[in-house]
Amino acid sequence: MDIQEELKKAIQQAIAELYQQEIGASGIGEITLQPTKKEFEGLYTFVTFSLTKALRKAPAQIGQAIGTWLVENSSVVSGFNVVQGFLNISIADAPWIDVLNDIAANPAFGTLPTKGQSVMVEFSSPNTNKPLHLGHLRNNFLGDSVSRILKANGYDVVKTCIVNDRGVHICKSMLAYQRFGTDASGRAETPESSGMKGDHLIGKYYVLFDKAYKAQIEEMVAQGTPKEEAEKKAPLMLDVQQMLRLWEQGDPETVALWSQLNAWVYAGFDATYKRIGVSFDKTYYESNTYLLGKEVVEEGLQKGIFYRKDDNSVWIDLTEEGLDQKLVMRSDGTSVYMTQDLGTTDLKFQDYHNDRSIWVVGNEQDYHFNVLFAILRRLGRPYANELYHLSYGMVDLPTGKMKSREGTVVDADDLIQETTDAASTAADEAAKGKLQEFSDAEKTALFQMLGLGALKYYLLKVDPQKRMQFNPAESVDLHGNTGPYIQYVHARIQSILRKAADMGVSAEGPVAATTLDELEQQLVFLLSQYPQRVAEAGAAYAPSYIGQYVYELAKTFNQFYDKLSILKETDKSKLHTRLVLSKAVGETIRQAMGLLSIDVPEKM
């Protein structure tokens, strides 16, 4: 039973009978409902302000008349109150019991019908000169969660990643390793000899390059060279540029070094991805795609979309789109990032023919994607109007902004471990000795689940576009709006169900009760909202919608648990109702947290 639809039909009928007016005529729009504010009685609110002109009545008068009609004529409505132009409607128990039975009997509840469309979500996009860091975690969690939410919305989803594995920044790590990576006896440092993950090891040399490069600049400036000139002509920078030329020419020694260091980094990335539960259907590598866009540039020149300047560089004028003139190929014929993205976007469409493509990239690239999409529209690409940049804000720590070159970035692996350690401490304190029932392996698995849940939930509960600060200690609080709090509620529900089973009491439907407590009604109402929240999160590409929903559901369940007896309830009908309701809440928490890629424990 869809209570909202029943209520909309009843309101529509009330307007027709009371005022002889039809929806869509005389300025009366479609009936819409919203959840009633917590401070007022009721579950659904109908706003009457928009009807005043057509019905020639005051908003409160309209609300009073419609409310009275609903109570007298609709079996769905049990009562109402009017606050100015807001008609707050209370729902009878019987419809909610029908809804609960429908939910309990539907294992696919919350998964929407198949759309018959495909969506590509590109995220992560790491560089092979450093390990994944806190910013990458927000990117990965967003991309993975949006992919799961879109799948729940009925889309076929392809998850892709493009690895930035070539260029000047990669050569910086390579050159530093070549210069500083061998000890006095001639042994080269490896992940095995250093005891470091491969991505951490190469990140170490990226930092070493920056320190040595800055030292050369300072020395040149001290000798009278202008700083800007010193930055360009420092010996290390010249050597890096030469190394990039050798790589592009296919020099065997340079390519072999590049391949070895990248292999170490990929092994490190894979370990981190596995730990955070992220995978991809397809990985693209910039080393394979960076030349593709040159053909697109030639096409644009032939169509008159691009133009060539006197220095042989190629540009596009996007001032009509409110943008600017944009370089798409350097004067020496080499690619810029825009060239590469044009070619790679074409390649991805050829590979998958997606109906829509989404890039999960930080908001510092907003202008880049505006330009990319504008160029593709000018080129007449068939997919050009279904491209979306999921822009997100940066993540700071309480200590401030992170900088990779200076080695102040918090590595993802270190942060995951720190959060896991904090979660284990918080869980130990909250359990008050109960974790002694767990084996060491069970405790390790639980703490990792809580730590990762804390990290993911903290980064996903915030609107993606907002810049945010991550506080590890705050993220593991078992009493606030956190992942571990919601995980604990799920574990509590499973404990109730296990005890009920031991008592021989079933948590299976259908419910035969005829009345519900206010909190029971509120819980069924929240459960009924889940498919709508999934749809809204998919439309907005916003995992935060799911985070807000599942926290509200968990918090309301705790209020229900504190107020009403479950296992000690002597009325068998009420006991059965509460167990069925608890089971439905637990399953919905599990599904909703799954959309955030967060596992929930069976016990804590």
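Numerical summary
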quantity	calculated
In the stretch 410-439, residue surrounded by the most Cβ atoms within 10 Å (Cβ to Cβ) [restricted to those that are modelled with pLDDT of 85 or more and β-branched (Val, Ile, Thr)]	419
Residue in the stretch 480-500 that is in a loop (DSSP other than H, G, I, E, B) and surrounded by fewer than 20 Cβ atoms within 10 Å (Cβ to Cβ) present	yes
Residues of the stretch 89-115 satisfying the condition of being part of a loop (DSSP other than H, G, I, E, B) and either among the β-branched types (Val, Ile, Thr) or without any contact (Cβ under 8 Å) to a residue 40 or more places away in the chain (or both)	92, 106, 107, 108, 111, 114
Test result for residue 196, within 39 Å of the chain's Cα centre (by Cα) and assigned to a loop (DSSP other than H, G, I, E, B)	yes
Cβ-Cβ under 7 Å pairs, at least 6 apart or on other chains, the stretch 191-215 side free of Cβ contacts under 8 Å to residues at least 24 places away in the same chain, far side in a helix (DSSP H, G or I)	194/201
Condition broken by residue 75, with the remaining ones in (1) closer than 30 Å to residue 360 by Cβ; (2) part of a loop (DSSP other than H, G, I, E, B); (3) in contact (Cβ under 8 Å) with a residue 12 or more places away in the chain satisfied	(1)
Test: residue in the stretch 440-463 that is outside any helix (DSSP H, G or I), more than 23 Å from the chain's Cα centre (by Cα) and either over 19 Å from residue 543 (Cβ atoms) or not aromatic (Phe, Trp, Tyr) (or both)	no
Out of 176, 188, 94, sole residue that is among the small types (Gly, Ala, Ser), in contact with a Gly (Cβ under 7 Å, 6 or more places away or on another chain) and more than 22 Å from residue 279 (Cβ to Cβ)	188
Unique residue being touching a Lys or Arg at 6+ places or on another chain (Cβ under 8 Å) and outside any loop (DSSP other than H, G, I, E, B) when the list is 209, 280	209
Qualifying position, being surrounded by 13 or more Cβ atoms within 10 Å (Cβ to Cβ), of a type in the set (A, V, I, L, M, F, W, C) and within 20 Å of residue 133 (Cβ to Cβ), among 246, 236, 201	201
Residue under evaluation residue 179, criteria (1) charged (D, E, K, R); (2) touching a Ser or Thr at 6+ places or on another chain (Cβ under 6 Å); (3) closer than 15 Å to residue 237 by Cα, criterion not met	(2)
Filter pass, residue 175 being crowded, with 21+ Cβ neighbours inside 10 Å and either touching a Pro at 6+ places or on another chain (Cβ under 8 Å) or under 30 Å from residue 592 (Cβ atoms) (or both)	no
Residue list for the stretch 460-479, filter: at pLDDT 95 or above and either among the small types (Gly, Ala, Ser) or crowded, with 24+ Cβ neighbours inside 10 Å (or both)	460
Number of the condition not met by residue 63 [criteria: (1) in a helix (DSSP H, G or I); (2) in contact with a Phe, Trp or Tyr (Cβ under 6 Å, 6 or more places away or on another chain)]	(2)
Answer residue from the stretch 504-561, given it is of a type in the set (D, E, K, R) and in a helix (DSSP H, G or I) and is surrounded by the fewest Cβ atoms within 10 Å (Cβ to Cβ) among those	518
Checklist (1) touching a residue at least 12 places away in the same chain (Cβ under 8 Å); (2) at negative phi applied to residue 42, failing item	(2)
Cβ pairs under 8 Å, 6+ apart, first in the stretch 440-457 and surrounded by fewer than 22 Cβ atoms within 10 Å (Cβ to Cβ), second in a helix (DSSP H, G or I) and at pLDDT 95 or above	449/487
Extreme residue, farthest from residue 534 (Cα to Cα), among residues of the stretch 95-111 that are surrounded by 16 or more Cβ atoms within 10 Å (Cβ to Cβ) and within 25 Å of the chain's Cα centre (by Cα)	109
Top-ranked residue in the stretch 3-50 [being in a loop (DSSP other than H, G, I, E, B) and of a type in the set (A, V, I, L, M, F, W, C); ranked as surrounded by the fewest Cβ atoms within 10 Å (Cβ to Cβ)]	25
Filtered residue count, the stretch 302-314, keeping only those that are without any contact (Cβ under 8 Å) to a residue 24 or more places away in the chain and surrounded by 15 or more Cβ atoms within 10 Å (Cβ to Cβ)	3
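Okay, residues lined up against (1) more than 19 Å from the chain's Cα centre (by Cα); (2) without any contact (Cβ under 8 Å) to a residue 40 or more places away in the chain:
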site	(1), (2)
120	no, no
130	yes, no
142	no, no
157	no, yes
164	yes, no
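Here's the yes/no breakdown for (1) buried (at least 23 other Cβ atoms within 10 Å of the Cβ); (2) in contact with a strand residue (DSSP E or B) (Cβ under 8 Å, 6 or more places away or on another chain):
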residue: 93; (1), (2): no, yes
residue: 113; (1), (2): no, no
residue: 119; (1), (2): yes, yes
residue: 130; (1), (2): yes, no
residue: 135; (1), (2): no, yes
residue: 146; (1), (2): yes, yes
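This table checks each residue for (1) modelled with pLDDT under 95; (2) farther than 26 Å from residue 338 by Cα.
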| site | (1), (2) |
| --- | --- |
| 212 | no, yes |
| 221 | no, yes |
| 231 | no, no |
| 266 | no, no |
| 283 | no, no |
| 287 | yes, no |
| 291 | yes, no |
| 297 | no, no |
| 301 | no, no |
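The values are calculated or read from the model by the stated rules, or taken from the named source; none is laboratory data. Note that the coordinates shown come from a computational prediction; the quantities given were computed from them, not determined experimentally. Note that each Cβ is placed from the backbone with ideal geometry, even for glycine, and that neighbours are counted across all protein chains shown.
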